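Below you'll find the structure, written out as structure tokens, and then a few comments.
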Amino acid sequence: MTKLKNWMENHPKAAKWLREGGLFFLFSNLVTVIQYIIYAFLPDLLGLELAGIAWSWPAIPMKLFGVAFTWNAIGYDVLHDAAGNVLIGGGVGYLIAMLAGSFLSQAINFPLQRNITFRSKGNVWYQMMWYFIAWVAITLVVNSINCVWLAVASQLLPGWLYNIGTTVLMGGISMVVFFFVFKIIFPEGRKA
């Protein structure tokens, strides 16, 4: 323990990044588990009716690996099985699940990261505003990628497996980008 303490005293910036990175990773994975649970179960609770309603923007038709789908920044195609029946895991039902899971996990993540990881005493309203703007921007970019994954993976993998991929994709990319966003919006111990 003495060697670690000496190292931390001799390398305070590196020790701070290590502490922040470790706590950030821990809390981010906690909320990723919450997201997965919501992605996996909420579409079923919302039912086939919402899964059968397509809504997306900007709705650009594409085809990849023989799978036709609509590329979008937000929203999901309706998924169908080989017989043409609507499947749970797409449409407005999946959009609601994705937004609810992402928003809820970020509502839990914000105070953990702000208060514990980054020990910020900045203006909370200013930080929430920038956090929300970052969440919207990151969600649109990540969802633009996820719509391709969902369309192709849903035809090739079982639902539980493509939901893990969705969680890793949405959570993983978001986690990396959010770390650097937090370094900016959560200045330690000073007002923003």
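Here, each number is a calculation from the coordinates, and none is a lab measurement. This structure is a prediction, so every number in the text was calculated from the model and none was measured. Neighbour counts run over all protein chains shown; Cβ positions are idealised from the backbone, glycine included.
General observations
- Simple label model, 7 Å out from Cα along Cβ direction - Trp160 to Ala14, nm: 4.3 nm
- Using the Cβ-Cβ distance between Ala100 and Lys5 with R0 set to 35 Å, the FRET efficiency from 1/(1 + (r/R0)^6) comes to roughly 0.20.
- Relative contact order (percent, whole number), region 39-192, Cα cutoff 8 Å, 6+ residue spacing: 27 percent
- Nearest-ten-degree value, helix 12-51 long axis tilted from longest Cα axis of the chain: 20 degrees
- Helix 91-111 axis, angle to the chain major axis (alpha carbon atoms, nearest 10°): 10 degrees
- Label zone at Glu49 (point 7 Å along Cα-to-Cβ), backbone N below 14 Å, region 83-115: 92-93
- Under 17 Å from the Ala73 label point (7 Å along Cα→beta-carbon), backbone N, region 135-162: 135-148
- Computed [θ] at 222 nm, helices only, for the chain once each DSSP H run of length n ≥ 4 contributes -39500 (n - 2.57): -24000 deg cm²/dmol
- Extension gain for Phe65-Lys183 works out to 38.6 nm (0.36 nm per residue, less the C-alpha to C-alpha distance).
- Rounded to 10°, Cα long-axis angle of helix 124-156 versus longest principal axis of the chain: 40 degrees
- Loop chymotrypsin sites (Phe, Trp or Tyr not before Pro), region 1-69, which have at most 10 other Cβ atoms in a 10 Å radius of their Cβ (DSSP): Phe65
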